[in-house]
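A.B. asks: A single structure is presented below for examination.
The values are calculated or read from the model by the stated rules, or taken from the named source; none is laboratory data. Given the structure is predicted, the values throughout are model-derived calculations rather than measurements. We place every Cβ from the backbone using ideal geometry, glycine too, and count neighbours over all the protein chains shown.
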Amino acid sequence: MDRALLNGILDEYLAALGARDPSRLRWSSDLQASENNVMLEPGDGVWGTIERLGEYQLRFADTVSGEVGCFGTVIEPKEESGFCMRLAVNDSGEVCEVEMVIVRNSEHGMVLPGPRYWTKPILEAKAEAPVSREELQVLANGYFDTLQLNDGTIKTRFHPDCNRVENGVQTTNNPHFDFIPSAALGCEEQFRLGIYRYDDELRARRYPLIDEERGLVMAFGFIDHSGKLGRYQWTDGSQRESPIRRPHSFYLGELFKIDHGMICQIEANFISVPYRMPSPWDPA
């Protein structure tokens, strides 16, 4: 499917959303649409509360699967919230799938101080040394393998300058972010320490959108925490306390920039959901 066509449908969708008017769009008869992991009808959820879209917007497209994605912000009463979204378009040009994660900091997720959303040119540029579609997914999945029960073993490849932004906050190479002291370290440095041992399972992983031209993989899934882990040891020998001591799950939308066979940048939005909440997109 043509990239310009997909971007045009995304333009139409965002304009309709901003106008609170789903009737402007062509919907497939078998439409599936979710907001924060719950299936809703067009017009429900954020359609009824949006005041306007914010200025931040990052878009990308998968011309093979017929999907288009976007990171941005939505302004509702009382707050501006980051979101990520994917749309699937059928051969007739109708919207047949919508999946949206909205990080409303007043009620969801890991509430980080001072979130902001800004343009990252690395995510908008074409890949200098692209790899195959299959390899893109393998590297993104290797990131989740590395994060799951993180013991210091690296199961993907990181660029030395890799950065990660979560819910509008840079959580790598950011020595000024005192809320999470390990944020001063790089992507691979954090994982080699085994910081995230308390992430028990990276479940229901999906990779519905791969923009091969730009080296982008959009993934969705859950991070489950049983809460059983208390004191544990990093690979540097230091003793640490798990920050999560209750059954808990995150639902996430995550974008990986991959170039020269390495993960270069990560953009993630995630929210707290009931422990081991199932996905309507992955019933298994």
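A.B. asks: Can you spot a residue in region 61-70 that is without any contact (Cβ under 8 Å) to a residue 40 or more places away in the chain, more than 15 Å from the chain's Cα centre (by Cα) and over 19 Å from ALA268 (Cα atoms)? Step through it out loud before you land on a result.
C.D. replies: Step one: list which residues in region 61-70 are without any contact (Cβ under 8 Å) to a residue 40 or more places away in the chain, which gives none.
For region 61-70, residues without any contact (Cβ under 8 Å) to a residue 40 or more places away in the chain, more than 15 Å from the chain's Cα centre (by Cα) and over 19 Å from ALA268 (Cα atoms): absent.
To keep it simple, each residue is scored yes or no on (1) crowded, with 18+ Cβ neighbours inside 10 Å; (2) in contact (Cβ under 8 Å) with a residue 40 or more places away in the chain; (3) in a loop (DSSP other than H, G, I, E, B).
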{"residue": "ASP161", "(1), (2), (3)": "no, yes, no"}
{"residue": "THR172", "(1), (2), (3)": "yes, no, yes"}
{"residue": "SER182", "(1), (2), (3)": "no, no, no"}
{"residue": "ASP199", "(1), (2), (3)": "yes, yes, yes"}
{"residue": "VAL217", "(1), (2), (3)": "yes, yes, no"}
{"residue": "PHE220", "(1), (2), (3)": "yes, yes, no"}
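A.B. asks: Of the residues that make up region 272-283, is at least one part of a strand (DSSP E or B), crowded, with 18+ Cβ neighbours inside 10 Å and not aliphatic (A, V, I, L, M)?
C.D. replies: Let us first name the residues in region 272-283 that are part of a strand (DSSP E or B), namely 272-273, 279, 282.
Right, trim to crowded, with 18+ Cβ neighbours inside 10 Å and you get 273, 279.
After this cut, where a residue has to be not aliphatic (A, V, I, L, M) as well, the list is 279.
Yes, region 272-283 has at least one match.
Residues are listed down the side, and each one gets a yes or a no for (1) of a type outside the set (D, E, K, R); (2) more than 30 Å from SER65 (Cβ to Cβ); (3) outside the structural domain of THR153 (by TED's automatic domain parsing):
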| site | (1), (2), (3) |
| --- | --- |
| THR172 | yes, no, no |
| LEU193 | yes, yes, no |
| PHE222 | yes, no, no |
| GLU241 | no, yes, no |
| GLN265 | yes, no, no |
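A.B. asks: Please go through region 241-255 and give me each residue that is in a strand (DSSP E or B) and in contact (Cβ under 8 Å) with a residue 24 or more places away in the chain, ordered by number.
C.D. replies: Going through region 241-255, the residues in a strand (DSSP E or B) turn out to be 241, 248-255.
Of everything in region 241-255, those that are in a strand (DSSP E or B) and in contact (Cβ under 8 Å) with a residue 24 or more places away in the chain turn out to be HIS248, SER249, PHE250, TYR251, LEU252, GLY253, GLU254, LEU255.
A.B. asks: Being part of a strand (DSSP E or B), modelled with pLDDT of 95 or more and out of contact with any Leu (no Cβ under 7 Å at 6 or more places or on another chain) narrows it down to one of LEU229, LEU209, so name that one.
C.D. replies: Working: LEU229 fails: part of a strand (DSSP E or B).
None of the others qualify; the one that does is LEU209.
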